[in-house]
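Below is one structure, written out as C-alpha cells, with a few remarks after it.
The values are calculated or read from the model by the stated rules, or taken from the named source; none is laboratory data. Quick caveat: nothing in here was measured; it's all calculated off a predicted structure. Virtual Cβ from ideal backbone geometry, glycine too; neighbours counted across all protein chains shown. Protein only, heavy atoms only, side chains kept; ligands, DNA and RNA dropped before computing areas. Shrake-Rupley method; radii C 1.70, N 1.55, O 1.52, S 1.80 Å.
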Amino acid sequence: MNRWHYLRNKAGWSFFTIIFVIVLNFFLFRILPGDPAKQGIRDPRLTPETVEAIRARFGLDKPIINCVKEFNPLVLGDCGVNPLDTQFFIYVENLLRGEMGVSFYYNRPVTDILWERLWNTVLLIGAGQILAILVGVAFGIFAAWKARTAIDYSALITGLVAWSLPTFWLGIILLFWGSNHGFPIGGKSTPGMSSYPLMTQIGDISWHLLLPTLTYTIVYMGEYMLIMRSSLLDVLAEDYILTAKAKGLSTFQVLRDHALKNGMLPLVTIIALNLGYTVGGVIQIESVFSWPGLGGALYEAVVRTDYPMLQGCFLLIAVSVVIANFLADLTYSYLDPRVQATG
C-alpha cells in the first residue's frame, strides 16, 4: 500500500466518523427526558403560551424526523411532512452553514460563544502541551539513559506521582499557594486592563495563565516522561542498538541516530490523543482557575441544561479527537514506513 493510498484510506474513515458523530450528536440530546424549552428556562411562572413561543423560537415545535415528533416520550407524527422542515435536516443545514443553533441561556449563536471560548482553551492547552512534551521527553530520555540508577528511580517516582495527582486537587493547591504569593486567583485578565497598551495586556494574560499552565504541565509531564522512558528502554535493548555500540558510536549518536525515532512512536499516539481529549479534559483546570475556556462553557451548559451549547461542545470535542487521530496516523506514516505497508 503506497503512501497516498494509505492517507486517502485514513482520511475517508475520519470523514465517515465525523458524519456518524454528527448524527449521533443530534439524536443523543433528543432522547433525553424533559422538555428542552422548560429545562433551559426554569421559571415556574411560564404560561403554556410562553412555552409554545419558546419552542417556536428555537425550532422545537417542528418534528424531529418524518413520522416522529418526539422521542422521549415517543410521539409519532406526520410521515408526509417535508423532510427539509424537520429538526434533523435543519440541524444539518445549519452545520453546513457553520451554525450550531442558539443558546437557551445566552440567547446568542452557539458558534459565536464557542469561538470566543475556544481560543482561550487553545492558548491554555498549547502552552501546557508544549511545556509538558519538552520537559517530559527530556526527562524520559535522561531516565532511560541512566537506567537502574538513583537518577532513574527518582525520575520514575516523580513521574508516577505527577501522573497520579488529581487535576482539580493540584489546581486547588497551586491556587492556594499562588494567592499567598501575589498570583491572580482567577480569570483571564485584570479588570480594566483593556485600556492599557497591547504589550501590557499580553503580560497580564501571561501572568493569569501561569498557574493553570503549570497545573496542566505537571500532570501531563509525568505521563509523557514515563512513556518515553519505557519506550526508549525497549528500543535500547534491541540487537541493532548493540551493533551500533559495537561500531564505537557514542551514547549521544546511538540515541540520536538509532533509538529516538523508534522510541517516539508510542509517544506520538499519546500526544495526539491527549490533544483531542484535553479540549474537554481541561474542564477541571478552567473551573478551578475561572479560566473562560471551552471546558468552562461545557460545565456551565451542563448546570444550566443548555442543550444547544452541550450539543455544540460535544461536536467540537468529538471532531477534534477525530482530527487528532488522523494527524497521529500521518505522523506514524512518516516515522515508521512499515505502517504504510500494513495500514
Would you mind working out the accessible area per residue for the chain, using a 1.4 Å probe, and quoting it in Å²?
55
For the ranges 230-236, 21-27, 309-315, what's the packing order if you count other beta-carbon atoms within 10 Å of each residue, average per peptide, and put the highest first?
309-315, 230-236, 21-27
Give the residue from LEU123, ILE157, SER103 lying farthest towards the positive end of the charge dipole for region 99-186; charges sit on Cβ (+1 for Lys and Arg, -1 for Asp and Glu) and the dipole is referred to the Cα centre.
ILE157
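Indicate the gyration tensor shape class of the chain (rounded, prolate or oblate), computed on the Cα atoms with a ≥ b ≥ c the square roots of the eigenvalues: a/c under 1.5 is rounded; otherwise a/b larger than b/c is prolate and the rest oblate. Don't jump to the answer; show the numbers that get you there.
Working: a/c = 2.86, a/b = 1.57, b/c = 1.82.
Since a/c reaches 1.5 but b/c is at least a/b, the shape of the chain is classed as oblate.
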For peptides 89-99, 240-250, sequence by mean Cβ density within 10 Å, most packed first
89-99, 240-250
So who's got an amide H within less than 5 Å of the one on VAL102, skipping anything under 5 residues away but keeping other chains? H placed 1.01 Å off N, in plane.
VAL110
Cα-based reach from LYS146 at 18 Å (exclusive), listing aspartates and glutamates while leaving out same-chain residues under 8 positions away
ASP234, GLU238
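Roughly how large, in nm² to one decimal, is the mean projection of the convex hull of the alpha-carbon atoms in region 288-335? Could you put the intermediate results ahead of the total?
Details: hull surface 17.4 nm².
That works out to 4.4 nm².
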Can you give me the long-range amide H partners of GLY187? Hydrogens built in the peptide plane at 1.01 Å from N, cutoff under 5 Å, separation of 5 or more residues or another chain.
SER290, TRP291
Distance between the C-alpha centers of region 151-198 and region 57-78? Whole Å please.
47
In order over region 47-59: 3J(HN,Hα) from phi, Karplus 6.51/-1.76/1.60, θ = phi - 60°, whole Hz, x for each Gly or Pro, gives 7, x, 5, 5, 4, 5, 5, 5, 4, 5, 4, 9, x
Build a GNM of the chain with springs between Cα atoms under 10 Å: which of SER194, SER320, SER179 gets the top mean-square fluctuation?
SER194
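Quick one: if the Förster radius is 25 Å, what FRET efficiency do TYR334 and ASP234 give, using the C-beta to C-beta distance and rounding to 0.05? Provide the component values of the computation, followed by the final result.
Working: r = 21 Å, r/R0 = 0.82.
The value I calculate is 0.75.
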Please say if region 60-111 is rounded, prolate or oblate, where rounded means a/c under 1.5 for a ≥ b ≥ c the square roots of the C-alpha gyration tensor eigenvalues, and otherwise the choice is prolate for a/b larger than b/c and oblate otherwise?
oblate
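Hey, what did the chain get for relative contact order, percent, Cα under 8 Å, at least 6 apart? Write out the running numbers ahead of the final one.
Numbers: 423 pairs, mean separation 82.7, N = 343.
Across the chain, relative contact order equals 24 percent.
Which of the peptides 101-109, 284-292 is most tightly packed, and how do the rest follow, judged by the mean count of other Cβ atoms within 10 Å per residue? Show your work: numbers first, answer last.
Numbers: 101-109: 17.8, 284-292: 21.6.
Order by mean packing, descending: 284-292, 101-109.
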Unpartnered cysteines of the chain (Cβ-Cβ under 4.7 Å counts as a partner)?
CYS313
